[in-house]
1. Take the conditions of a type outside the set (Gly, Ala, Ser) and more than 27 Å from Leu151 (Cβ to Cβ) and apply them to Leu123. Does it pass?
2. Go through the range 171-206 and give me each residue that's within 22 Å of Thr72 (Cα to Cα), out of contact with any Leu (no Cβ under 7 Å at 6 or more places or on another chain) and among the aliphatic types (A, V, I, L, M).
3. For residues that are open to solvent by 10 Å² or more (accessible area, probe 1.4 Å) and of a type outside the set (Phe, Trp, Tyr), scanning just the range 192-205, find the one that is nearest to Glu117 (Cα to Cα).
4. Identify the residue in the range 130-148 that is in contact with a Lys or Arg (Cβ under 9 Å, 6 or more places away or on another chain) and aliphatic (A, V, I, L, M) and, among all such residues, is farthest from Asp172 (Cα to Cα).
5. I need the full set of residues from the range 203-222 which are in contact with a Phe, Trp or Tyr (Cβ under 7 Å, 6 or more places away or on another chain) and assigned to a loop (DSSP other than H, G, I, E, B), in order please.
6. Which ones in the range 114-159 are among the β-branched types (Val, Ile, Thr), open to solvent by less than 40 Å² (accessible area, probe 1.4 Å) and more than 23 Å from the chain's Cα centre (by Cα)?
7. Given the conditions (1) at pLDDT 95 or above; (2) surrounded by fewer than 18 Cβ atoms within 10 Å (Cβ to Cβ); (3) not in a loop (DSSP other than H, G, I, E, B), and given that Arg189 satisfies all but one, which numbered condition is not satisfied?
Amino acid sequence: MRILVLGGTTEASALAARLANRAGFNPLLSLAGRTRDPHPLPIPTRIGGFGGVEGLTRFLRDEPVEAVVDATHPFAAIISRNAAEACARAGVPLLALRRPPWTRQEGDRWIGVPSMEAAVAALGETPRRVFLTIGRMELPHFAAAPLHTYLVRTIEPVGDALPVPNVVAIRDRAPFDEAAEHALMERERVDVLVTKNSGGAATYPKIAAARTLGLPVIVVARPRVPAGVEEVATANAALDWLERRHARTP
């Protein structure tokens with residue numbers, strides 16, 4: 001059974017590990033290529049885009065792919081929409097593998113917002129020291145508020161993505177440690193944390209550290225999974241879905 005896994009997340013890596021050398025499956029992992037040095041994975045991997053809906057539809061038909069698992073980041077809305085439309089066109093079953101979102105705990109000072117533009121507005125008109133943990137691609141939004149000082153943590157170099165006077169760049173990759181996150185925010189005199197509601201354990205320590213420090217956290221809501229797409233929360237559940245599909249394959 002030819003399977004395409006749209007990856008780039010911990011959940012995609014976990015599913016790849018479960019599919020490696022598993023009888024009856026012929027998996028391919030696809031990465032967008034935005035991270036220069038992705039961790040090596042135990043199944044064949046392609047890097048790069050497909051060329052929108054048309055390109056992905058052709059790919060599904062040419063391979064031919066029999067099932068797709070969309071295990072991209074919860075905020076990778078464009079590829080998820082493209083996958084839903086391409087799979088519908090090609091008649092290929094699609095599953096979304098999404099870690100559950102974080103939920104507000106007692107002591108959290110969350111400010112929920114629907115978009116990055118709303119997150120910028122929520123910072124207000126008083127200069128603040130802002131800890132941005134939103135990924136490099138979202139940084140340009142905050143150029144609209146150059147009065148703040150930004151502590152920016154990304155995997156890739158920030159470069160010119162945030163053209164404001166005061167930027168402190170940190171290159172690091174999850175998983176993170178709560179004590180280290182607490183020390184970082186304290187040392188940098190952070191006033192507010194801005195994050196996507198990505199879910200998962202690897203980056204949750206910043207949320208716990210902000211709670212302990214009493215810091216407000218601007219939390220950007222994640223986009224919804226495309227309508228009609230079945231969704232599961234774990235790699236094991238995705239594997240069960242694939243095995244049920246495989247069992248029905250003639």
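1. Numbers: of a type outside the set (Gly, Ala, Ser): yes; more than 27 Å from Leu151 (Cβ to Cβ): no.
No, not satisfied.
2. Keep residues of the range 171-206 that are within 22 Å of Thr72 (Cα to Cα), which gives 171-176, 194-206.
Narrowing further to those that are out of contact with any Leu (no Cβ under 7 Å at 6 or more places or on another chain): 171-176, 195-205.
Within the range 171-206, Ala174, Ala201, Ala202 qualify.
3. To start, the set of residues in the range 192-205 that are open to solvent by 10 Å² or more (accessible area, probe 1.4 Å) comprises 196-198, 200-205.
Of the ones still in play, those that are also of a type outside the set (Phe, Trp, Tyr) are 196-198, 200-203, 205.
Numbers: Lys196: 12, Asn197: 15, Ser198: 17, Gly200: 24, Ala201: 26, Ala202: 26, Thr203: 22, Pro205: 25 Å.
Going through the qualifying residues, I end up with Lys196.
4. Restricting attention to the range 130-148, the residues satisfying the condition of being in contact with a Lys or Arg (Cβ under 9 Å, 6 or more places away or on another chain) are 131-138, 147-148.
When the remaining residues are screened for being aliphatic (A, V, I, L, M), the result is 132, 134, 137, 147.
Details: Leu132: 13, Ile134: 13, Met137: 16, Leu147: 25 Å.
Out of the qualifying residues, it is Leu147.
5. If the condition is that a residue be in contact with a Phe, Trp or Tyr (Cβ under 7 Å, 6 or more places away or on another chain) and assigned to a loop (DSSP other than H, G, I, E, B), then Thr203, Tyr204, Arg222 are the ones that fit.
6. Step one: list which residues in the range 114-159 are among the β-branched types (Val, Ile, Thr), which gives 120, 126, 130, 133-134, 149, 152, 154-155, 158.
Among the residues that remain, those that are also open to solvent by less than 40 Å² (accessible area, probe 1.4 Å) are: 120, 130, 133-134, 149, 152, 154, 158.
Within the range 114-159, Thr149 is the sole residue that qualifies.
7. For Arg189, the failing item is (3).
Here's the yes/no breakdown for (1) charged (D, E, K, R); (2) assigned to a helix (DSSP H, G or I); (3) open to solvent by less than 70 Å² (accessible area, probe 1.4 Å):
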site: Leu162; (1), (2), (3): no, no, yes
site: Ala174; (1), (2), (3): no, no, yes
site: Glu181; (1), (2), (3): yes, yes, yes
site: Met185; (1), (2), (3): no, yes, yes
site: Val225; (1), (2), (3): no, no, yes
site: Ala238; (1), (2), (3): no, yes, yes
site: Leu242; (1), (2), (3): no, yes, yes
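The values are calculated or read from the model by the stated rules, or taken from the named source; none is laboratory data. Bear in mind that the values here come from a model prediction, so they are computed numbers and not experimental data. Counting neighbours? That spans all protein chains shown, and the Cβs are built from the backbone with ideal geometry, glycine included. Just the protein is used for accessible areas: all its heavy atoms, side chains included, with ligands, DNA and RNA removed. Shrake-Rupley method; radii C 1.70, N 1.55, O 1.52, S 1.80 Å.
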